[in-house]
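As structure tokens, the structure follows; a few thoughts come after it.
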Amino acid sequence: MAEKDLLRFLTCGSVDDGKSTLIGRLLWDAKLIFDDQMRTLEAESRRLGTQGDGIDFALLLDGLQAEREQGITIDVAYRFFATETRKFIVADTPGHEQYTRNMATGASTADAAVILVDARKGLLPQTRRHSFIVSLMGIRHVVLAVNKMDAVDYGEAVFAAIRDDYLAFAAPLGFAGLDCLPISALKGDMVYSRGDAMPWYGGPTLMDCLEAIEAGSDAAALPFRMPVQWVCRPDANFRGYCGSIESGTLRVGDRVAVPSSGQVSTVRRIATFNGDLQEAAAGDAVNLVLADEIDVSRGEMLAAADARPDLCDQFMAKIIWMHGDPLLPGRKCLMKIGADLVAAQVSEIKHKINVNTFEETAARSLALNEIGMCNVAADRAVAFDPYGRNRGTGRFILIDRYSNATVGAGLIEHALRRATNVHRQKETVDKAARAAIKGQKPCVLWFTGLSGSGKSTLADLVERELHARGRHTVILDGDNLRHGLNRNLGFTDADRVENIRRTAEVAKLCVEAGLIVLVSLISPFRTERRMARELLGEGEFLEIFVDTPLALCEARDVKGLYAKARKGEIPNFTGVQAPYEPPEAPELRIDGDATTPEEGAARILEMLQTRGR
Amino acid sequence: MNGASLSHLHQLEAESIHIMREVAASFENPVMLYSIGKDSSVMLHLARKAFFPAPPPFPFLHVDTTWKFKEMIAFRDRMAAECGLRLLVHINRDGLKRGIDPFVHGSALHTDVMKTEALKQALDKYKFDAAFGGARRDEEKSRAKERIFSFRTANHRWDPKTQRPELWNLYNTRINPGESIRVFPLSNWTELDIWQYILQESIPIVPLYFAAVRPVVERNGMLILADDDRLPLAPGEKPMMKMVRFRTLGCYPLTAAIESDAATLPEIVAEMQRARTSERQGRLIDHDQAGSMEKKKQEGYF
């Protein structure tokens, strides 16, 4: 049987650059469009096509109904064809501006990229953007295909001008291989066959290029890395660590380390279904048996003992944001890196990167399809290499903790050494000791609700009563904090998140001091209330939802804020222009409509009593 | 073999094994859909490799429409015994009671009740949170756009417009209670890859894939095997004896045979390389309406 190798590439281009036509042409010339598919295509081309009586290959590829109806490509699609020596997997990515995330997705698994340019239009902003993302994702081989040469009378000068433009533009992007060639996907010139329309061009055809690009990565030459996916323990006599080798080669007898624990052992067996191997390399899915009884769990990494990865809980990374809700620094999410899943947050956006001009500008949040240089803080140290050095171990995805959506992709630049050198101070007098001397159990009463719902009134009543009973308390009022600690924050989503993070941290310090803390804060987002809850110990966070209907709050309008907001004088006012997400399971809900403040306060004190606070 | 020159089958195998291990490690209660066809046979083989020397750490589910070829059922039971599989067979009893018959009620209703509904029943009954399917992206246009880890709502629905981006080999396995993920470890395989791999690894498959003289009738230009006496015959009609084989296997009334002399794996691979029609040509269900696969998938079909 013919042994083939495998090349994964993506195609990118703007709308109407002829991407679908090119892929249709590649499949057609590779004889991979079957007769029954061709008959369907001919029928649909007449009915829906945009090529007159000709075949509209886009219809062959746009698989979703919405795409066929709107005549646009929405989602990344994967196509397959093969030659005598090579199998190709093509990631076909849409050219629309709003679907940049799909391009990054397609590029993530590709070894090479074919960038299409319309000969009539030359380089477009999209060409620059696509080239930048291709470079960002670490793709080393690029083919610039100047398409629709048939529409410019196969003019050599047109091609030469675009080629020269592109070579000048792409020089700083550092591609290892860059081919430029003229083609007509529609007519087939310089795709598989040379055709006879461009005798002036002596270079390789597109297929020549695609067959010549070195397949596979150079990962085998890097130090050994393997994230442990699954621990195989069929019986007491066998314990194997299963995973895919991301980089390097491995032989029986090699020394490997677990960077997170520092343990070291030797490879005893590389076990497979078809018998033991002596050697394995990047790309192999293996099951390793070690010589020593060391404890390794899913998520940890096995690495060459003499060339270990970085181990750090803070690093700098480029993040491509992929969700409609913006990235807000300080908001917790989950990070999947290798087989490891860890809670993490973007602690700071250093700048965002304009993908058209490559300019770096200051930013406090990242919107869908924006790319930013960020500091990332994980809840514990993780093992990694910079993406530029090792594509396999320097990448991660970010996952929203509530919707579980994949919200971002990250490429690690370097560890933040600062973090590795800042160690926590051990305390001798601790939280329990401070609470004991006051004879109370500290906790946080977190009042959340709309402006004017009665949070501060309730907090005040409760504190007065606690004080009368000899309890040590403190009130953290959102409005008051904004005069001091949070003076530099506004009311954008990003600032609201930071406002709550600071308040929660102060509340935590007060609990450490042994106090009963009453926080009165609109705190409109579930995510941040959850963050506050998670900062504190079990049972220390008591969420009180002051549930007063918006109409009533607005009718009261104690501070005249609703009136101003309705006039547009206060932007982002919660309940008017900005959303309020009610708690799903608060410890207590006070009906602000049907309950007097005194009744409400009594219920809160009752709750404290039953919870032993 | 080293990293730079891995053959394409070796790379596809490694990718599939990676996907299977990720599921086994991340989900509470995964299951592998086992439809007895060639793709399922490859999936089963890969699962045995992925967890070796342990057995696959999940059960295998066959949704039996009661209209499968007899040889498929015999093969299923033999493989389950030989490989020591935890095999679950689910039949939509309600559909059976209603007497759903593809010859009488048509392929659409039959597929909806005995396959899609039955599958949802089984997933709900056992509360599986991840289910492997053998679908490949080269099979059909909407499949080409589906993720390897394909999210399903608590009602088993697929929403092609809100698919999660899928980068590198970092699969997002997170779901909320009641939701589930369909996982397609063979996404990047083509039909030819499947056959070449079956040949390379000597994977057992249902004998119907090999050409033999079999009794068939012609219906709308399709050759249908007379597998049992539920096949309605016109007065005086007798099945013809023809040298045929199957490129794809499903319910016998809905799966057409092709005339072929390919009786060995090398002959099948050679025939594949000359093929001028697509594999799903022989599947009646796909012809019901335009975009029918996408619609079925949204409703919970695999």
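Worth pointing out:
- Angle in degrees between helix B:8-26 and the longest Cα principal axis of chain B, rounded to the nearest 10: 70
- Added length on full extension, which subtracts the Cα-Cα distance from 0.36 nm per residue, B:T277 to B:K70: 71.9 nm
- Degrees between helix A:35-48 axis and first principal axis of chain A (Cα, 0 to 90, nearest 10): 70
- Legend: residue pairs A:K4/B:K141; A:K19/B:K297; B:K141/B:K297, Cα-Cα distance threshold 20 Å; pairs beyond threshold, A:K4/B:K141; A:K19/B:K297.
- Karplus-derived 3J(HN,Hα), 6.51/-1.76/1.60, for each residue of the range B:82-96, Hz, glycine and proline x: 5, 9, x, 7, 7, 9, 10, 10, 10, 10, 6, 5, 5, x, 4
- Peptide-level mean, for B:52-58, of C-beta atoms on other protein chains within 10 Å: 5
- Take each residue of peptide A:404-412, count the partner chain Cβ atoms within 10 Å of its Cβ, and average: the result is 4.
- Euclidean distance of C-alpha centroids, the range A:300-379 and the range A:426-481, integer Å: 36
- Note on A:R163 and A:D235: their simple-model spin labels are 6.6 nm apart, each label 7 Å out from Cα toward Cβ.
- Loop trypsin sites (Lys or Arg not before Pro), the range A:73-154, which have at most 16 other Cβ atoms in a 10 Å radius of their Cβ (DSSP): A:R120, A:K121
- Think of it as helices only: each DSSP H run of n ≥ 4 in chain A is worth -39500 (n - 2.57), and spread over all residues that comes to -8000 deg cm²/dmol at 222 nm.
- Order by protection proxy (mean Cβ within 10 Å, highest first), peptides A:379-389, B:13-23: B:13-23, A:379-389
- Dipole of the protein assembly as shown computed with +1 at Lys/Arg Cβ and -1 at Asp/Glu Cβ about the Cα centre; of A:T574, B:A130, A:L167, farthest Cα towards the positive end is A:T574.
- Reachable aspartates and glutamates from A:K121, criterion Cα separation under 20 angstrom, eight or more residues apart if same chain: A:D16, A:D17, A:E97, A:D150, A:D153, A:E156, A:D164, A:D165, A:D179, A:D189
- The range A:220-304: C-alpha gyration tensor shape, a/c 1.5 cut-off, then a/b vs b/c: rounded
- Share, in percent, of DSSP beta bridges within the protein assembly as shown that are antiparallel, nearest 5: 60
- Surface composition of chain A: carbon plus sulfur atoms contribute 48% of the solvent-accessible area (1.4 Å probe, protein chains only, all chains present).
- Computed from backbone phi with θ = phi - 60° and the Karplus coefficients 6.51, -1.76 and 1.60, the 3J(HN,Hα) list for the range B:129-134 is 9, 8, 9, 6, x, x Hz; x is used for glycine and proline.
- Here the simple spin-label model places points 7 Å from the Cα toward Cβ, and for A:D218 and A:R417 these points are separated by 2.6 nm.
- Averaged over A:388-397, number of beta-carbon atoms from partner chains that fall within 10 Å: 2
- Kirkwood-Stokes translational diffusion coefficient of the range A:431-610, alpha-carbon pairs, 4 °C, 1.567 mPa s, µm²/s: 78
- 0 to 90° range, to nearest 10: angle between helix A:125-136 axis and chain A longest Cα axis: 80
- Square roots of 5 times each gyration tensor eigenvalue, C-alpha, the range A:441-490, largest first, Å: 22, 14, 9
- Summary of the geometry: the range B:195-215 and the range A:536-558, compared by the centres of their Cα atoms, lie 67 Å apart.
- Kirkwood Rh and Cα Rg combined as Rg over Rh, evaluated for the range A:313-419: 0.93
- With contacts taken as Cα pairs under 8 Å at a separation of at least 6 residues, the range A:114-156 carries a relative contact order of 58 percent.
- Rounded to the nearest 20, the Cβ-based charge dipole of the protein assembly as shown about its Cα centre (Lys and Arg +1, Asp and Glu -1) stands at 1880 debye.
- Residue-normalised convex hull volume from the C-alpha trace of chain B: 140 Å³ per residue.
- Contact order for chain A, expressed relative to its length and based on alpha carbon pairs under 8 Å spaced 6+ residues apart, stands at 9 percent.
- Nearby aspartates and glutamates by direct alpha-carbon distance to A:K318 (threshold 13 angstrom, same-chain neighbours under 8 apart not counted): A:E348, A:E360, A:E370, A:E413
- Whether the range A:94-168 is rounded, prolate or oblate, judged on the alpha carbon gyration tensor where a/c under 1.5 counts as rounded: prolate
- If you plug the beta carbon distance of A:E581 and B:T153 into 1/(1 + (r/R0)^6) with R0 = 22 Å, you get a FRET efficiency near 0.60.
- Diffusion coefficient of the range B:135-192 by Stokes-Einstein, Kirkwood radius over Cα pairs, 37 °C, 0.692 mPa s: 270 µm²/s.
- Cα gyration tensor, the protein assembly as shown - rounded (a/c under 1.5), prolate or oblate: prolate
- Lys, Arg +1 and Asp, Glu -1 on Cβ, resulting dipole of the range A:431-610 about Cα centre, debye, nearest 20: 520
- Label point distance in nm, A:T357-A:K31, each placed 7 Å from Cα along Cα→Cβ: 5.4
- Straight-line cross-link reach from B:K242 at under 24 Å between alpha-carbon atoms covers these lysines, not counting any fewer than eight positions away in the same chain: B:K38, B:K68, B:K70.
The values are calculated or read from the model by the stated rules, or taken from the named source; none is laboratory data. None of these values were measured; they are calculated from a predicted model. Note that we place each Cβ from the backbone using ideal geometry, even for glycine, and neighbour counts take in every protein chain shown. Remember, those area values only see protein heavy atoms, side chains included, never the ligands or the DNA or RNA. Shrake-Rupley method; radii C 1.70, N 1.55, O 1.52, S 1.80 Å.
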